[in-house]
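This report refers to the structure that appears directly beneath it.
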Amino acid sequence: GMEFKLIPAGMFIMGEGDQAHEVTLTKPFKIGVHEVTQAQYEQVMGVNPSEFKGSDNPVETVSWEDAVEFCRKLSELPAEKEAGNVYRLPTEAEWEYACRAGTTTKFSFGDDESEFGEYAWHDGNADDKTHPVGSKLPNAWGLYDMHGNVWEWCQDLYGDYPSGTVTDPTGAASGSFRVLRGGGWYST
């Protein structure tokens, strides 16, 4: 029941200010149109660890290891194996490229923060909880909840951005923490 969008290869400016740098992604990739729901997570993993219960709400309170295990188990399902589907977390660069959806503005919908509530569940409108996925407007590539509802894991280790132009970056070579992107229901 998960829907994916094919994201084209391309170039974009990642980061802001002194950390802004050109990134080229040489291969197209698929990314979920919605955050993984509690129903989808429970179907694959057999449990629902979420605090804010709701089958169409995004799964939350999931560690990076849990997210990787979900991808592994999803890939092992007979129908997925037969179709040749292999699931993984996006790199931070893939996530930002998909979020920006071809824009050069601060947010995928523009620079006007007054429009934020139309695209994201955040501390100003979420009533201290998550909400069903896809209940706000999508970005230009049809991806929902890229700015809010729950934070989203990336496969990268946390570290400084590289300087200069990079191609197909995969994050820091070492570190103790993983990258989260997107913001959540409690974020400003």
Within the stretch 138-164, the residues whose backbone N lies under 17 Å from a label point placed 7 Å from the Cα of THR24 along the Cα-to-Cβ direction are 162-164
Going residue by residue through the stretch 82-90, the Karplus relation 6.51 cos²θ - 1.76 cosθ + 1.60 with θ = phi - 60° gives ³J(HN,Hα) values, rounded to whole Hz and with x marking Gly or Pro, of 4, 7, x, 7, 10, 9, 7, 6, x
Any residue on another chain or 5+ positions along whose placed amide H is under 5 Å from the amide H of LYS30 is listed here as ILE7
Scoring the chain by relative contact order with C-alpha pairs under 8 Å, at least six apart, yields a percentage of 23
Shape call for the stretch 36-121, from the Cα gyration tensor axes a ≥ b ≥ c (a/c under 1.5 means rounded, otherwise prolate when a/b beats b/c, else oblate), comes out oblate
Given a Förster distance of 22 Å, the FRET efficiency implied by the Cβ-Cβ spacing of TYR158 and MET45, rounded to the nearest 0.05, works out to 0.30
Output for the stretch 4-58 (equivalent-ellipsoid semi-axes, sqrt of 5λ from the C-alpha gyration tensor, Å, descending) is 33, 16, 8
The chain accessible area per residue, 1.4 Å probe, protein heavy atoms, integer Å², reads 54
Expressed in square angstrom to the nearest 10, the accessible area of THR188 with a 1.4 Å probe stands at 140
Rounded to a whole %, the carbon-and-sulfur portion of the accessible area of the chain at a 1.4 Å probe is 50
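Given the -39500 (n - 2.57) contribution per DSSP H run of 4+ residues, what per-residue ellipticity at 222 nm results for the chain, rounded to the nearest 500 deg cm²/dmol?
Numbers: 5 runs with 40 residues, N = 188.
Roughly -5500 deg cm²/dmol at 222 nm, from the helical runs in the chain.
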For LYS106, counting only lysines whose alpha-carbon sits under 30 Å away and dropping same-chain residues fewer than eight positions off, the answer is LYS5, LYS27, LYS30, LYS129, LYS136
The size of the Cβ-based charge dipole (Lys, Arg +1; Asp, Glu -1) of the stretch 39-93 about the Cα centre, to the nearest 20 debye, is 140
Whole-Hz Karplus couplings 3J(HN,Hα) for the stretch 171-178, θ = phi - 60° and coefficients 6.51, -1.76, 1.60, Gly and Pro as x, run x, 5, 6, 8, x, 10, 10, 9
In Å, the C-alpha Rg and Dmax of the chain are 16.3, 47
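The values are calculated or read from the model by the stated rules, or taken from the named source; none is laboratory data. Everything numeric in this text was worked out from a predicted model, so none of it was measured. Cβ: placed from backbone, ideal geometry, glycine included. Neighbour counts: every protein chain shown. Areas reflect the complete protein model, heavy atoms only, side chains present, ligands, DNA and RNA absent. Shrake-Rupley method; radii C 1.70, N 1.55, O 1.52, S 1.80 Å.
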